[in-house]
Amino acid sequence: MAMIVFYEKPGCVNNTKQKQILQQSGHDVVALDIRVQTWLPETLRSFFGDRPVAEWFNPAAPRVKSGALVPEQIEAEEALAQMCLDPLLIRRPLIESDGRRLAGFDEAVLEAWVGLAPRPVPAPQVCPRSEGICPEPDSQ
């Protein structure tokens with residue numbers, strides 16, 4: 001099975017479920033805190049492929065939810081610069097394995113790429129909390 005680097009926000013309910021899916025599928029998952037990485041624009045860009053800029057953003061990020069930042073109105077260079085300064089803006093998880101990268105947990109892509117165990121219910125994509133803000137994790 002695959003070795004997967006999984007950039008997450010510790011304590012995020014969805015990221016926890018997504019990691020479990022990968023682990024239950026037999027993959028080794030190395031989970032890293034997306035907030036403490038030193039992100040460079042060119043590194044981040046490689047996770048997004050040909051997706052539109054607006055889809056690079058985490059829709060539950062406080063600045064997006066408040067309207068302080070409108071993903072549909074921002075250019076790629078500025079989006080990457082903002083994400084490097086505020087990693088909570090980045091669509092999670094960022095996944096890296098065998099030289100490939102992906103933003104978000106797209107089960108169809110992951111099934112074709114690394115393989116997933118059959119599941120009756122798709123993995124969550126949207127934060128289940130009505131306010132969309134995950135609590136801060138316990139001290140680590």
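The values are calculated or read from the model by the stated rules, or taken from the named source; none is laboratory data. For clarity, every value in this text was computed on a predicted model and none was experimentally measured. Because the Cβ atoms are built from the backbone with ideal geometry, glycine has one as well, and the counts that use them run over all protein chains shown.
Quick notes
- Flag if Arg92 is within 14 Å of the chain's Cα centre (by Cα), at pLDDT 95 or above and under 24 Å from Arg119 (Cβ atoms): yes
- Test: residue in region 16-36 that is more than 29 Å from Arg119 (Cβ to Cβ) and modelled with pLDDT of 95 or more: yes
- Sole exception among (1) in a helix (DSSP H, G or I); (2) under 14 Å from the mean Cα position of the chain (by Cα) for Gln23, by number: (2)
- Val5 being modelled with pLDDT of 95 or more, within 21 Å of Arg119 (Cα to Cα), surrounded by 13 or more Cβ atoms within 10 Å (Cβ to Cβ) and of a type in the set (A, V, I, L, M, F, W, C): no
- Which numbered condition Leu110 fails, given (1) at pLDDT 95 or above; (2) out of contact with any Lys or Arg (no Cβ under 8 Å at 6 or more places or on another chain): (1)
- Candidates are the residues of region 26-39 that are touching a Lys or Arg at 6+ places or on another chain (Cβ under 8 Å) and not in a helix (DSSP H, G or I); the one that is farthest from Lys9 (Cα to Cα) is Val29.
- Within region 1-18, considering residues that are of a type outside the set (S, T, N, Q) and more than 17 Å from Arg101 (Cβ to Cβ), the one farthest from the chain's Cα centre (by Cα): Met1
- Selection status of Leu40, surrounded by 17 or more Cβ atoms within 10 Å (Cβ to Cβ), touching a residue at least 40 places away in the same chain (Cβ under 8 Å), under 20 Å from Arg101 (Cα atoms) and not aromatic (Phe, Trp, Tyr): no
- Just one of the listed residues (Glu55, Glu42) is assigned to a helix (DSSP H, G or I), within 14 Å of the chain's Cα centre (by Cα) and of a type outside the set (A, V, I, L, M, F, W, C), and it is Glu55.
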